[in-house]
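For reference, the structure discussed in these notes is given below.
The values are calculated or read from the model by the stated rules, or taken from the named source; none is laboratory data. No experiment lies behind these values; they were computed from the predicted model shown. Heads up, the Cβs are rebuilt from the backbone with ideal geometry, glycines too, and the neighbour counts pull from every protein chain shown. Accessible surface is based on the protein model in full, side chains and every heavy atom, while ligands, DNA and RNA are left aside. Shrake-Rupley method; radii C 1.70, N 1.55, O 1.52, S 1.80 Å.
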Amino acid sequence: MKARDRYSQLTRGRTQFLHTAVECSRLTLPYLVQEDLSSRPEHQKLHTPWQSVGAKSVVNLAAKLMLALLPPQTSFFKLQIKDDKLGVEFPPEVRSELDLSFAKMERMIMDHINASSDRVVVHQALKHLIVSGNALIFMGKDGLKNYPLNRFVVNRDGNGNICEIVTKELISRKMLSEELSVPLPNSPGDDGHQTGSQDQDVEVYTYVRYDKNGRWVWHQEAFDNILPGSRSTAPKNTSPWLVLRFNTVDGEDYGRGRVEEFLGDIRSLEGLSQALVEGSAAAAKVVFLVSPSSTTKPKTIADAGNGAIVQGRPDDVGVIQVGKTADFRTAQEQMMNLEKRINEAFLVLNVRQSERTTAEEVRLTQMELEQQLGGLFSLLTVEFLVPYLDRTLHILQRNRDIPKIPKDIVHPTIVAGVNAIGRGQDQESLVSFAQTLA
């Protein structure tokens, strides 16, 4: 089957998730997720939210997840020798020398990651995960590339394993013609007529599937023709295609985002913010009314300067008042409650405004917020950190940047994410024990 036809078939199962993701993006970061467009929009006007709580929450949670998954100062994994091999193939006293060698390899791998732009792409993918619940990362030779939800479709089996991935990209016709060194056929425009402008974008599809031999194979197509040199393969456990989900639902090919879980509160906050802003603007408008039967002329009041003395009666002039102060206060209180709930859901630390607020209270509040990350890390550790580390090790070993690591003896262990939170709880327990002893 052609990649374009397969993309069209799988798009039907993505429609519901894409519509929800677009709405979540409109209320938080409108530039993240858009509708599946067949051409690149030149002047597309994005929706401007009436509040910035959603954008602040998404950026804050993405930054916290980024620092927890890929910490900048320490390694997010450890190379350890299997315990069952230690006493059989290696004497126990060799462990210290092996740990020293593993530490050098870990620093080499982290230096490679720090020198690349991986963190930039991962941070962008995390924002897509929080808003839309889905993201696709391709680990190519030139670095990582992130695909938003409107640019890829995926097909999973009953256990949630990936079977097929089809991506769609828009590439300049001129660049594609230079790469192929042959003239491309005209592509049908939106109105059905044939257009052949060199500035027009060409839809390039990438078809990825898992074959019967236990390998990932993929190729690229343009105008239903396979592009030369686009075929490639990868082993099962070192695929460069990382399909990420934020929350999984049994039987669904796509994930659900954090924003969708609290979409009701964010939608209510958006409506109240719009009403309060427009009502405040109407209340701030100053209009003077002059009685029709009065001797005071409106022009006299309009031309009078500050502190001027004019003839007239005060009863003849009045000011329009909205008189909605109590209603505005009710909307403001409800907005504060919604904002507080949203900040707690997205781990935004709000210190209680009080004279008796202590540093211990702030520390406990922050620790309570960080413990909520445990559930968010479990899926990201399995679907992102483990495949990302396996692919990175595979590339570095293939390029001979690090020595060959025997898989049956040495196994990498993820120490970031949930494990980091566990170590933080151990530290708090030790500090509390020392204070109790003192």
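Jot down the per residue volume, in cubic angstrom and as a whole number, of the convex hull over the alpha-carbon atoms of region 240-295. Don't skip to the end; give the middle numbers.
Working: hull volume 8.5 nm³, N = 56.
Spread over its residues, the Cα hull of region 240-295 gives 152 Å³ apiece.
How many nm separate the modelled label positions at Ala55 and Leu100, each set 7 Å beyond the Cα in the direction of the Cβ?
In this crude label model, Ala55 to Leu100 measures out at 5.3 nm.
When all alpha-carbon pairs of region 43-174 are counted, what percent fall beyond 20 Å? Write out the running numbers ahead of the final one.
On the way: 5714 of 8646 pairs.
Looking at region 43-174, the distances longer than 20 Å represent 66 percent of pairs.
Please compute the length gained on full extension between Ser378 and Arg398, using 0.36 nm multiplied by the number of residues separating them and subtracting their Cα-Cα distance. Write down the numbers at each step before the final one.
On the way: separation 20, 0.36 × 20 = 7.20 nm, distance 2.95 nm.
Gain on stretching Ser378 to Arg398: 4.2 nm.
At 1.4 Å probe size, put Asp84, Asp401 in order of accessible surface, largest to smallest. It would help to have the intermediate numbers written out before the result.
Values: Asp84 100, Asp401 80 Å².
If we order Asp84, Asp401 from most to least accessible, we get Asp84, Asp401.
How do the peptides 337-343, 432-438, 278-284 rank, highest first, by the average count of neighbouring beta carbon atoms within 10 Å per residue? It would help to have the intermediate numbers written out before the result.
Working: 337-343: 17.3, 432-438: 7.9, 278-284: 11.7.
For the peptides 337-343, 432-438, 278-284, the packing ranking is 337-343, 278-284, 432-438.
Over the Cα atoms of region 243-350, compute the convex hull volume and normalise it per residue, giving Å³.
Details: hull volume 22.6 nm³, N = 108.
Measuring per residue, one finds 209 Å³ for the Cα hull of region 243-350.
Can you give the accessible area per residue of region 194-319, in Å², using a 1.4 Å probe? Write down the numbers at each step before the final one.
Working: 7500 Å² over 126 residues.
On a per-residue basis, 60 Å².
How large is ³J(HN,Hα), in whole Hz, for each residue of region 68-75 in order, when computed from phi with the Karplus curve 6.51 cos²θ - 1.76 cosθ + 1.60 and θ = phi - 60°, using x for Gly and Pro?
Result, ordered by residue: 7, 7, 10, x, x, 9, 10, 8 Hz.
Could you run the Karplus curve 6.51 cos²θ - 1.76 cosθ + 1.60 with θ = phi - 60° over region 225-236 and give me ³J(HN,Hα) per residue in whole Hz, x for Gly and Pro?
10, 6, 6, x, x, 9, 6, 7, 9, 8, x, 4
Which length gain, in nm to one decimal place, applies between Ser294 and Val249 when the Cα-Cα distance is subtracted from 0.36 nm times their residue separation? Let's see the in-between values first.
Values: separation 45, 0.36 × 45 = 16.20 nm, distance 7.21 nm.
Length gained, Ser294 through Val249: 9.0 nm.
Excluding same-chain residues fewer than 8 positions from Lys404, which lysines have a Cα within less than 28 Å of its Cα?
Lys78, Lys82, Lys85, Lys104, Lys141, Lys145, Lys212, Lys236
Can you give the FRET efficiency to the nearest 0.05 for Asp390 and Arg329, using r as the Cβ-Cβ distance and R₀ = 45 Å?
Numbers: r = 57 Å, r/R0 = 1.26.
Here the calculated transfer efficiency is 0.20.
If we sort 48-56, 301-309 on the protection proxy, mean other Cβ atoms within 10 Å, highest first, what's the order? Could you put the intermediate results ahead of the total?
Details: 48-56: 17.2, 301-309: 8.3.
Those peptides, ordered most packed to least, come out 48-56, 301-309.
Mind listing the Cα extents of region 15-84 along all three principal axes, in Å, largest one first?
Principal axes ranked by extent give 59, 29, 24 Å for the Cα atoms.
Less than 13 Å Cβ to Cβ from Arg215, Lys/Arg counted +1 and Asp/Glu -1: what total charge do the surrounding residues give? Don't jump to the answer; show the numbers that get you there.
On the way: positive: Arg209, Lys212, Arg231, Lys236; negative: Asp211.
Spelling it out: positives minus negatives among the neighbours equals +3.
Need the list of lysines near Lys324 for cross-linking: C-alpha distance under 20 angstrom, and skip anything on the same chain fewer than eight residues off.
Counting by Cα, and skipping residues close in sequence, Lys324 has these lysines nearby: Lys285.
How would you rank 254-265, 125-136, 404-415, 201-212, highest first, on the average number of other Cβ atoms within 10 Å across their residues? Numbers along the way, then the final one.
Details: 254-265: 20.5, 125-136: 26.2, 404-415: 13.7, 201-212: 17.1.
Going by the mean number of other Cβ atoms within 10 Å, highest first, we get 125-136, 254-265, 201-212, 404-415.
Go ahead and collect, in residue order, the members of region 261-291 whose backbone nitrogen is under 18 Å from a label point 7 Å along the Cα-Cβ direction of Val319.
Counting only backbone N, you get 280-291.
Can you give the log10 of the normalised intensity I(q)/I(0) at q = 0.14, 0.18, 0.23 Å⁻¹, computed with Debye over equal Cα scatterers of region 120-176?
-0.47, -0.74, -1.05
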